[in-house]
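A.B. asks: Below you will find the structure I want to go over with you.
The values are calculated or read from the model by the stated rules, or taken from the named source; none is laboratory data. What you see is a predicted model; the values in this text were computed from it and never measured. So basically every Cβ, Gly included, is an ideal-geometry build from the backbone, and we count neighbours across all protein chains shown. SASA here: full protein model, heavy atoms, side chains in, ligands and nucleic acids out. Shrake-Rupley method; radii C 1.70, N 1.55, O 1.52, S 1.80 Å.
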Amino acid sequence: MYATSLGDDGAELRPLEPWRAEEFLAHMDRGREFVGRHVSLPDAVTDLASSRAFLQAYAQRLATDTGRIDGIWSGGTLVGGVLLRTMDVPRGTAEAGCWLERSAVGRGLVTRAARVLIDWAVDERGIHRVEWVVSAANTASIAVARRLGMTKEGVLRESYPYRGTRHDMEMWSVLAPEWRAQRTDRTG
């Protein structure tokens, strides 16, 4: 197993693999209400079998080079994650996403983890365009897109039916040349 440090606070990014299904389910149970305000993940992970199946599906995506999922640990506890929901290497596109428990909000964990994930996608897999599709009501995730230097491209009006309501979704993206230039600016 590997872990990538997310900074001096001890937070780490690690692969979220099927053998972690119990830990993932416990995490979803803790964050179900908060995470579920904007993200359907808690609706998909409701018991051990669905937790294992969800993580197995992402293990398959990793094996077929079509996506990946990583967890964010803080103080030894899984508190959130980042993922490439889709990844089309031949086309050079991917859609990134995130979630976080309420207890871990406000520490920059998602932004730091997403930077590691996007670095990997751009540098290792040759992804040219990383998209971030977010509910227009999810101000925290929109703030992450801004901190990642993404550009808002538009609003997909009432495009996402979720829990009985149609939600507007914002489309944000960053291109590989922009990402590399920002990284150089961040590191000096």
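A.B. asks: Pull out the extension gain between residue 37 and residue 88, defined as 0.36 nm times the separation in residues minus the alpha carbon to alpha carbon distance; nm, one decimal.
C.D. replies: 15.5 nm
A.B. asks: Among 3-14, 133-144, what's the highest-first ranking by average C-beta atoms within 10 angstrom per residue? Write down the numbers at each step before the final one.
C.D. replies: Values: 3-14: 15.4, 133-144: 17.5.
In decreasing order of mean packing, 3-14, 133-144 become 133-144, 3-14.
A.B. asks: Taking θ as phi - 60°, what are the ³J(HN,Hα) couplings along region 63-71 by the Karplus curve (6.51, -1.76, 1.60), each to the nearest whole Hz, with x for Gly and Pro?
C.D. replies: Taking θ as phi minus 60°, the curve returns 5, 9, 6, 10, x, 6, 9, 10, x Hz for region 63-71.
A.B. asks: For residue 8 and residue 182, what is the calculated FRET efficiency with R₀ set at 25 Å and r taken between the beta-carbons, to the nearest 0.05? Could you put the intermediate results ahead of the total?
C.D. replies: Details: r = 21 Å, r/R0 = 0.86.
With R0 = 25 Å, the Cβ-Cβ based efficiency is 0.70.
A.B. asks: Which percent of the accessible heavy-atom area of region 1-93 goes to carbon and sulfur, probe 1.4 angstrom?
C.D. replies: Working: 2300 of 4450 Å².
About 52 percent, which is the carbon plus sulfur part of the accessible surface.
A.B. asks: Can you compute the label reach from residue 155? Point 7 Å from Cα along the Cβ direction, backbone N cut-off under 18 Å, restricted to region 166-187.
C.D. replies: 166-173
A.B. asks: Tell me the Rg and the Dmax, in Å, that the Cα atoms of region 67-126 produce.
C.D. replies: 12.2, 38
A.B. asks: Let me ask something else about it. Once you place label points 7 Å from the Cα toward the Cβ at residue 77 and residue 116, how far apart are they in nm?
C.D. replies: 1.9 nm
A.B. asks: Take the Cα radius of gyration of the chain and divide it by 2.2 N^0.38 Å, with N its residue count; two decimals is plenty.
C.D. replies: On the way: Rg = 15.8 Å, N = 188, 2.2 N^0.38 = 16.1 Å.
Cα Rg divided by the expected 2.2 N^0.38 Å: 0.98.
A.B. asks: Same structure again: Per DSSP helix of 4 or more residues, -39500 (n - 2.57); summed, then divided by the residues of the chain. What does that give at 222 nm, rounded to the nearest 500? Don't skip to the answer; put the middle values down first.
C.D. replies: On the way: 6 runs with 71 residues, N = 188.
It comes out at -11500 deg cm²/dmol, rounded to the nearest 500.
A.B. asks: Based on the mean of other beta carbon atoms within 10 Å per residue, what is the order of 155-164, 41-50, most packed first? Write out the running numbers ahead of the final one.
C.D. replies: On the way: 155-164: 11.3, 41-50: 15.0.
By packing density, highest mean first, the sequence is 41-50, 155-164.
A.B. asks: Something else about it: From the square roots a ≥ b ≥ c of the eigenvalues of the alpha-carbon gyration tensor of region 1-64, which class results: rounded (a/c under 1.5), prolate (a/b over b/c), or oblate? Mind dumping the intermediate values first?
C.D. replies: Working: a/c = 1.92, a/b = 1.18, b/c = 1.63.
Cα axes put region 1-64 in the oblate bin.
A.B. asks: Mind giving me the nanometre distance, one decimal, between the label points for residue 57 and residue 103, set 7 Å out from Cα along Cα→Cβ?
C.D. replies: 2.6 nm
A.B. asks: At 1.4 Å probe size, with every protein chain present, just tell me what the per residue accessible area of the chain comes to in Å².
C.D. replies: Working: 9230 Å² over 188 residues.
Ligands and nucleic acids excluded, the result is 49 Å² per residue.
A.B. asks: Separate question: Counting only C-alpha contacts under 8 Å and six or more residues apart, can you give the relative contact order of region 47-142 as a whole percent?
C.D. replies: 21 percent
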